[in-house]
1. Given the criteria away from the ligand (no atom under 16 Å from the Cβ), within 17 Å of the chain's Cα centre (by Cα), modelled with pLDDT of 95 or more and closer than 19 Å to residue 99 by Cα, does residue 16 qualify?
2. If residue 21 passes every condition in (1) more than 14 Å from the chain's Cα centre (by Cα); (2) within 10 Å of the ligand (Cβ to nearest atom); (3) closer than 25 Å to residue 79 by Cβ but one, which one does it miss?
3. Quick test of your reading of the structure: residue 272 fulfils all but one of (1) surrounded by fewer than 17 Cβ atoms within 10 Å (Cβ to Cβ); (2) in contact (Cβ under 8 Å) with a residue 24 or more places away in the chain; (3) not in a helix (DSSP H, G or I). Name the failing condition by number.
4. If residue 73 satisfies every condition in (1) within 16 Å of the ligand (Cβ to nearest atom); (2) within 28 Å of residue 187 (Cβ to Cβ); (3) in contact (Cβ under 8 Å) with a residue 24 or more places away in the chain; (4) in contact with a strand residue (DSSP E or B) (Cβ under 9 Å, 6 or more places away or on another chain) but one, which is the exception?
5. Does residue 181 qualify as being touching a residue at least 40 places away in the same chain (Cβ under 8 Å) and in a helix (DSSP H, G or I)?
6. With respect to the numbered conditions (1) in a loop (DSSP other than H, G, I, E, B); (2) in contact with a strand residue (DSSP E or B) (Cβ under 9 Å, 6 or more places away or on another chain), which one is the sole condition not fulfilled by residue 93?
7. Examine segment 109-130 for a residue that is in a helix (DSSP H, G or I) and within 11 Å of the ligand (Cβ to nearest atom), and state whether such a residue exists.
8. Can you find a residue that is more than 16 Å from the ligand (Cβ to nearest atom), closer than 21 Å to residue 150 by Cα and outside any loop (DSSP other than H, G, I, E, B) anywhere in segment 5-12?
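The values are calculated or read from the model by the stated rules, or taken from the named source; none is laboratory data. Owing to the predicted nature of the structure, the values given are computational and were not obtained by experimental measurement. Note that each Cβ is placed from the backbone with ideal geometry, even for glycine, and that neighbours are counted across all protein chains shown.
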Ligand code: SF4
């Protein structure tokens, strides 16, 4: 497939056919994110999308999963998305699932009825980056929404019947807001109560604006042990009802997985054990992080 620039997709879409129906990220202001900084945002038109589908059908006619990229393809008009979903299920006979990134602003721009319609036409999972539940951290990173708006966006997806996969970023509040980040993030995740929840760990590519704050000394990164303490505090305050939790991204110091709430105690015991041992060899090395 031909793609414009680098393509990003959630780990669970690793075997999916990726169709780039938008380019870049409409918001594109988050200070920790460099994914689309050099990529002006645009929506592809119907003719371009038809060409992409033809190319996909020719290359992967038996695709079972399709992921719609780039950063927030949910920005497309609902009518266009419905037509796209109809076309995909008609042209890929084995298709079982279509997924998409949805920024909180994109979700809030759609009504509950529109989201339900998208679910009815086969949009089955939305990936939402919560990043933090703290008002001050969300403001600092320029996410563009308040905690309550993030909750409303997440709850709207859950209520529509579309599966919701949320991620937050450990260390995003730095040393100054680590406790607030942990506690307030748990509150937002609890209020949304998603089916899937994952933690990433803050890493800063050279193009990420937050990196300049680190260099200037105005943002102090957590060390690996502080990051795990923060993660433990957040998990202690999680109260979700039927959620698959994963910490399996390459950025994470530890690989963790659990079904919550049943395995919460086991998850905390693992974290406590590693924290008590305090041995660097238990953690994924951070030399590759470029910091
Ligand atoms: S984190 Fe998401 S919403 Fe923010 S700039 Fe990056 S892609 Fe866009």
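1. It is true that residue 16 is away from the ligand (no atom under 16 Å from the Cβ), within 17 Å of the chain's Cα centre (by Cα), modelled with pLDDT of 95 or more and closer than 19 Å to residue 99 by Cα.
2. Every listed condition holds for residue 21 apart from (2).
3. Every listed condition holds for residue 272 apart from (3).
4. That leaves (2) as the condition not met.
5. yes
6. Against the list (1) in a loop (DSSP other than H, G, I, E, B); (2) in contact with a strand residue (DSSP E or B) (Cβ under 9 Å, 6 or more places away or on another chain), residue 93 comes up short only on (2).
7. No, every residue in segment 109-130 fails to be in a helix (DSSP H, G or I) and within 11 Å of the ligand (Cβ to nearest atom).
8. no
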